[in-house]
1. Assuming 0.36 nm per residue, please report the length gained on full extension of the stretch Q209 to Y157 beyond their Cα-Cα distance.
2. For the chain, what log10 I(q)/I(0) values come out of the Debye formula at q = 0.09, 0.10, 0.11, 0.13 1/Å, with one point per alpha carbon and no solvent?
3. Run the 1.4 Å probe and let me know the accessible area of F148, rounded to the nearest 10 Å².
4. Fully extended, how many nm does the chain gain between D4 and E97 (0.36 nm per residue separation, minus their Cα-Cα distance)?
5. Run the reach check for K205 against lysines, Cα to Cα strictly under 23 Å, same-chain hits fewer than 8 apart removed. What comes back?
6. For L53, L46, give me the order by solvent-accessible area with a 1.4 Å probe, most accessible first, ignoring ligands, DNA and RNA.
7. Heavy atoms of the protein only, probe of 1.4 Å, neighbouring chains included. What is the accessible area of Y62 in Å², nearest 10?
8. With labels modelled as points extended 7 Å from the Cα through the Cβ direction, what inter-label distance (nm, one decimal) is found for S81 paired with L146?
Amino acid sequence: TIVDVVKFAPGVTGVRMNTRRGTAAEGEPSFRGEGEEGNNWIVDGLSVSGVRLRNSGMRLNYDSIEEIQVISDPFSPEFTSAYGGIINMVTKSGSNEFSGDLALLFTSRNLQASRENQLSTASEPESFSDATSYFNLGGPLVKDRLWFFISNNYYRYTLETEDGILGYFRIPGGELTTHNNNFFAKLTYSPTNSQTFSLTTIIDKSLPQKGGIGVPEL
């Protein structure tokens, strides 16, 4: 994700900790000790930061990003609403040549070693599998004037657990599959050599999950 890329920047902390809740999950980058709420996330000049929690806002399709600029200190006045860091992202545009790619990345449960028995207070996943498929396509609609770029990422994740017992409490096994789809589209129009206008659409949707793990009543 974009957040993972920013974590590699020098001076960034809070990598494995949520600085708002104090938990070790879903932590976002922190600059100069200001916490994740001190950052401003910008896409093509528009701030997309969360209004209330100041998080990274919308989930961006990773393949739609052309360039990421990480500004820790100092930053210019045009980058407002931040006392931590600035993450400035520029999205891809089409060109005068058609280009595209199609790929599938996956991890199969059949490629994993068996999990060793261990002490635990809850039913832990016996195995997991995930798959990410994506396609990108860009090119001209009107040469030298109007271009398009589209990208779609589909993500599927499956967790599987076996029956377990906690004292007298039985935890049934199960299988849970979640799906997420992220679509990005951009039209770029250049009426003159010194002017450029763009229209961007981002749709990030969680699809209905299948199955479940743990105790259904909970």
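1. Details: separation 52, 0.36 × 52 = 18.72 nm, distance 0.98 nm.
Roughly 17.7 nm would be gained on extension.
2. Values returned for q = 0.09, 0.10, 0.11, 0.13 Å⁻¹ are -0.52, -0.63, -0.74, -0.95.
3. Counting only protein heavy atoms, F148 exposes about 40 Å² to solvent.
4. Numbers: separation 93, 0.36 × 93 = 33.48 nm, distance 3.10 nm.
That works out to 30.4 nm of additional length.
5. Counting by Cα, and skipping residues close in sequence, K205 has these lysines nearby: K92, K186.
6. Numbers: L53 40, L46 115 Å².
Putting L53, L46 in descending order of accessible area: L46, L53.
7. Approximately 120 Å² for this residue.
8. 3.2 nm
The values are calculated or read from the model by the stated rules, or taken from the named source; none is laboratory data. Because the structure is a prediction, the values reported are computed rather than measured. FYI the Cβ positions are ideal-geometry reconstructions off the backbone, even for glycines, and counts take in every protein chain you see. Ligands, DNA and RNA are stripped out before the accessible areas are found, and what is left, the full protein with its side chains, is counted by its heavy atoms. Shrake-Rupley method; radii C 1.70, N 1.55, O 1.52, S 1.80 Å.
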